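Take a look at the structure below.
Values quoted throughout were computed directly from the atomic coordinates according to the rules given, and no laboratory measurement underlies them. All values derive from a computational prediction rather than experimental measurement. We place every Cβ from the backbone using ideal geometry, glycine too, and count neighbours over all the protein chains shown.
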Amino acid sequence: MRKNNPQPDLALDPATEEHLTVSAMEQWLWSAACVIRGATDAPKFKDFILPLVFFKRLSDVFDDEMAEQIEEYGDAELAQEVIEADHAAALKDGRKPILRFYIPEAVSWRSVRNHAADGSLGEFLTDCLREISNLNPEVKGVLDVKDFNERQAGQRSLDDERLAALIEIISRHRLGLKNTKPDVLGHAYEYLLRKFAEGQGQSAGEFYTPFEAGLLMSELVDPAPYSTIYDPTCGSGGLLIKARIVFERKHPDKRTQAPRLYGQELNPVTYAMAKMNMVLHDYSDSQFAIGDTFRNPGFGAQGAGLQQFDYVVANPMWNQKNYTEAFYETDSWKRFTNGVPPSSSADWGWVQHILASLKEGGRAAIVLDTGAVSRGSGSDSSNKERTIRKKFAEDDLIEGVVLMPENLFYNTTAPGIILLLRKGKPEERRGQTILINASQFFVKEKPKNVLTPEGVVAVSEVFERWETREKLSRVVTLEEIRAADYNLSPSQFVEVGERMTHRPLSEILADLDDAKAERERADAHLSGVLARLGLAG
């Protein structure tokens, strides 16, 4: 049984100014994940690990902010009374309190860490997280999503011994305001999500898009100040966060004008991860909805239409088969006006939802199966996806298509594409679409290939310049798209291998005749030389 630890703990002391780097934090958090069951099975326990990392961050930030209040008031008891009264009043009035979060000592990280591992630790931790969630409504349904005392077949999923070991490892370092910036902690959190995704294979596709792919999508939409960005299938929120990070990098003097982030997620646990991710990045002004985006959109009012945004970034599940023709035709939100997708794939249903969610002039970057831009083309029979694709092309809504490398995404080994929409192209791009073949920009790693930084730069560059570049990109006209029967696959227009040249047969035969005549002349000359030497046969 673990005993209480009354000794001074530097890792919990707000005065400790340890500065954690991204790599150090990544290594630390992954070791915390592995202590439960070993690296192979650690991904199964992400629902236990991530709320604890989040709880530690909230507790350390509260301690930091409380220390500032004590210094300001000059008395710990007085500061405590003021903060308690302010928090209670803020809850009642619906206003923001002085401190971002309020965590009483009885339910703090210290109390959890010092609780004996006597079989009641999981229950105590769960009760603490629920109390903190009641006191801080903004983390309701986020911090309290996991029951640390849960049982399966009568056995604890995570017994007190392993839970105590996990708590001890997470206790090694502070996650306060002076120890790590939100972006450093956020990067480490994304690292954990990627590591979990590597262990979970195809099932990870629902909540994680590779970092480099998300970065490229953000570069392509290029968010502007005071804008809004939406992800209808936001998973853990990574695509939204990368879009805002790209904005902050490009506009370092305009952080107060950063885009507002909006997302919807079906899975309650993944929704909670997205909310955690936003707080860890210090993007607490973000808004999220939970539920099936297709069946019950979380932004907008039924009858009044969907809420519209300046940008959309999304990686919906590919080729979903959950939706019937009747569903599309009776949609009360009137989203599917460009055609009914086949029951075998909802890809172009998602594209139409996203189009309906864009403001005039808005842009979208959507990850889809490569077949979404080619299925049905070149066939004499009718095809629902080709019909919708034709409508989008004829209405000049497709700004570009980027073919990605193979084995990049966690839900498939297929390459995937990024479909780029624009609701109202600028004059100089009207009637044109840029097709980019980025399939060669990768390095092989385990378990997945990785899109290279050079690839992100090259694709962003040709897109921004609207440039045809050999073995990379081609700007095509609507006439060329019609001639290709609305096949928008970049590989059909941009060859990345060495081009083979074929000469006309008449030229080849003429060259053979010349070579034969030359050989005959050489033979005659050689016979003459041999005759003069008396060597002729």
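To the nearest 0.05, how large is the calculated FRET efficiency for Gln287 and Asp86 if R₀ is 35 Å and r is the Cβ-Cβ distance? Intermediate results must be reported in sequence, preceding the final value.
Numbers: r = 25 Å, r/R0 = 0.71.
Using R0 = 35 Å, I get an efficiency of 0.90.
Let me have the 222 nm mean residue ellipticity of the chain computed from DSSP H runs of 4+ only, each contributing -39500 (n - 2.57), with the sum over all residues rounded to the nearest 500. Before the final figure, lay out each step's value.
Numbers: 16 runs with 222 residues, N = 537.
Computed mean residue ellipticity for the chain: -13500 deg cm²/dmol.
Tell me, in nm to one decimal, what length is gained between Lys321 and Ser31 on full extension, where the rule is 0.36 nm per residue of separation less the Cα-Cα distance? Walk me through the intermediate numbers first.
Values: separation 290, 0.36 × 290 = 104.40 nm, distance 3.88 nm.
Separation in residues times 0.36 nm, less the Cα-Cα distance, equals 100.5 nm.
Hey, could you grab the Kirkwood Rh for region 10-180? Inverse mean 1/r over distinct alpha carbon pairs, Å, one decimal.
Numbers: mean 1/r = 0.0589 Å⁻¹.
Over region 10-180, the inverse of the mean reciprocal pair distance is 17.0 Å.
Would you mind checking which residues have amide H under 5 Å from Ala289's amide H? H placed 1.01 Å from N; only 5 or more apart, or other chain.
Long-range HN contacts for Ala289: Gly263, Gln264, Glu265.
Quick one: what does P(r) look like for region 148-236 with 10 Å bins over all Cα pairs, in whole %?
12, 27, 36, 18, 7, 0
If I model a spin label at Leu509 and Arg95 as a point 7 Å from the Cα along the Cα→Cβ vector, what separation in nanometres do I get?
9.5 nm
Can you give me the distance in nm between label points at Lys444 and Lys334, each placed 7 Å from the Cα along the Cα-to-Cβ direction?
5.4 nm
Among bridges DSSP assigns within the chain, what percent are antiparallel (round to 5)? Could you put the intermediate results ahead of the total?
Details: 23 of 42 bridges.
Around 55 percent antiparallel, to the nearest 5.
Work out how much length Lys359 to Glu454 would gain on full extension: take 0.36 nm times their residue separation and subtract the Cα-Cα distance, in nm to one decimal. Mind showing how you got there, number by number?
Working: separation 95, 0.36 × 95 = 34.20 nm, distance 3.17 nm.
So the chain would gain 31.0 nm between Lys359 and Glu454.
With volume of the Cα convex hull per residue in Å³ in mind, check (1) 158; (2) 142; (3) 263 and report the label derived from this structure.
Given (1) 158; (2) 142; (3) 263, the calculated one carries the label (3).
Lys384: which aspartates and glutamates have alpha carbons under 12 Å from its alpha carbon, excluding same-chain residues fewer than 8 sequence positions away?
Glu325, Asp347
Helix 76-93 versus the longest principal axis of the chain: what is the Cα-based angle in degrees, 0 to 90, to the nearest 10?
Orientation of helix 76-93: about 70 degrees from the principal axis.
Just flag the GluC sites (Glu not before Pro) in region 385-433 sitting in loop per DSSP whose Cβ has no more than 16 other Cβ atoms within 10 Å.
On the way: sites: Glu385, Glu394, Glu399, Glu406, Glu427, Glu428; in loops: Glu406.
Sparse-neighbourhood loop GluC sites (Glu not before Pro): Glu406.
On a 0 to 90 degree scale, rounded to 10, what angle separates helix 160-170 from the longest Cα axis of the chain?
70 degrees
Using alpha carbons only, how many degrees (0 to 90, rounded to 10) separate the axis of helix 347-356 from the longest principal axis of the chain?
Helix 347-356 and the main axis of the chain meet at about 70 degrees.
Calculate, for Arg469 and Glu428, the FRET efficiency according to 1/(1 + (r/R0)^6) with r their C-beta to C-beta distance and R0 22 Å; round to the nearest 0.05.
My answer for the efficiency is 0.80.
Within region 308-349, which trypsin sites (Lys or Arg not before Pro) sit in a loop by DSSP and count at most 13 neighbouring Cβ atoms inside 10 Å? Before the final figure, lay out the partial values.
Values: sites: Lys321, Lys334, Arg335; in loops: Lys321, Lys334, Arg335.
The qualifying sites are Lys321, Lys334.
Test of understanding: extend the Cα→C-beta vector of Ala116 to 7 Å, then name every residue of region 152-190 with backbone N under 14 Å from that spot.
none
For region 199-492, place one equal point scatterer on every Cα, skip the solvent, and apply the Debye formula. What is log10 of I(q)/I(0) at q = 0.09, 0.15 Å⁻¹?
Log10 of I(q)/I(0), two decimals: -0.40, -1.22.
List the aspartates and glutamates whose Cα sits under 18 Å from the Cα of Lys448, skipping any in the same chain fewer than 8 residues away.
Reachable aspartates and glutamates: Glu190, Glu198, Glu206, Glu212, Asp369, Glu406.
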